[in-house]
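Everything on this sheet refers to the single structure shown next.
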Amino acid sequence: MQIQCFDSPQEDAVKQLYTLVRQYNTEVMGYNDARPLNVLAWNDREELVGGVGGRTIYGHFLVEVVWVAADSRRSGVGRQLMERAEEEARARGCTAAQVDTLSFQGREFYARLGFTIVGQIANFPPGHQRYFMHKLYT
């Protein structure tokens, strides 16, 4: 056996790794309903001003990335993007959403959207916290 560390993406091998994990999960659970869910917003100049990226899987919406351009923050764009993403997640049958965020990022933003903290790691990175947040859809 040969074990190596890489600081480059090794895209083919990593893609295979994910495929094999998903294959195992499907064997155990009997299904795999993972689907990407991305919602994007552009301004009148066709510049990206924000987006939500994630996936729906096993009845949950996994929020992987949320970004809003600096000049569009606090304008409601982030809320609109998340509301549209969650609307689509519900349409796909999701009953909950989850996200993790850092203390200098969006903890309060997600809390205003109804997410609650279900776990945290102190000093990740040093001087900050990492929060794991969850939201049940009713």
For Ala69, the residues 5 or more places away or on another chain with a placed amide H closer than 5 Å to its own amide H are Gly50
Assertion target for Met82, Met29, Met133, Met1, ordered by fewest C-beta neighbours within 10 angstrom first, is Met1, Met29, Met133, Met82
Exposure-ranked with fewest Cβ neighbours within 10 Å first, Val99, Val14 stand as Val14, Val99
Tilt, helix 11-29 to longest principal axis of the chain (alpha-carbon atoms), in degrees rounded to tens, equals 90
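Work out, step by step, the length gained on full extension between His134 and Asp7: first 0.36 nm times the residue separation, then minus their alpha carbon distance; give nm to one decimal.
Numbers: separation 127, 0.36 × 127 = 45.72 nm, distance 3.19 nm.
Taking His134 through Asp7 to full extension adds about 42.5 nm, to one decimal.
Which of the peptides 110-117, 20-27 is most tightly packed, and how do the rest follow, going by the mean number of other Cβ atoms within 10 Å of each residue?
Details: 110-117: 16.4, 20-27: 11.4.
Taking the mean over residues of other Cβ atoms within 10 Å, the ranking is 110-117, 20-27.
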Per the stretch 1-84, sqrt(5λ) over the Cα gyration tensor eigenvalues, sorted largest first, in Å, gives 33, 19, 9
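Round to the nearest 0.05 the FRET efficiency obtained for Ala111 and Tyr58 when R0 = 35 Å and r is the Cβ-Cβ distance. Working shown, then result.
Values: r = 24 Å, r/R0 = 0.69.
My answer for the efficiency is 0.90.
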Residues meeting the amide H criterion for Leu37 (H placed from the backbone, H to H distance under 5 Å, 5 or more places apart or on another chain) are Gly54, Arg55, Thr56
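Looking at the stretch 34-87, which chymotrypsin sites (Phe, Trp or Tyr not before Pro) are in a loop (DSSP not H, G, I, E or B) and have at most 11 other Cβ atoms within 10 Å? Walk me through the numbers on the way to the answer.
Details: sites: Trp42, Tyr58, Phe61, Trp67; in loops: Tyr58.
Qualifying residues, ordered by number: none.
Would you please report the Å³ per residue occupied by the convex hull of the alpha carbon atoms in the stretch 33-136?
Working: hull volume 10.8 nm³, N = 104.
Normalising the Cα hull of the stretch 33-136 by residue number yields 103 Å³.
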The distance between the Cα centres of the stretch 1-40 and the stretch 88-138, in whole Å, is 23
For Gln120, other-chain or 5+-apart residues with amide H closer than 5 Å (H placed, Pro excluded) are Phe132
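Count charges around Val39 for me, please; just the other residues with Cβ under 11 Å from its Cβ, Lys/Arg as +1, Asp/Glu as -1. Present the calculation step by step, with values, prior to reporting the outcome.
Numbers: positive: Arg84; negative: Glu83, Glu86, Glu87, Glu88.
Neighbour charge sum, excluding Val39 itself: -3.
Here, each number is a calculation from the coordinates, and none is a lab measurement. The structure displayed is predicted, hence computed values, not measured ones. Heads up, the Cβs are rebuilt from the backbone with ideal geometry, glycines too, and the neighbour counts pull from every protein chain shown.
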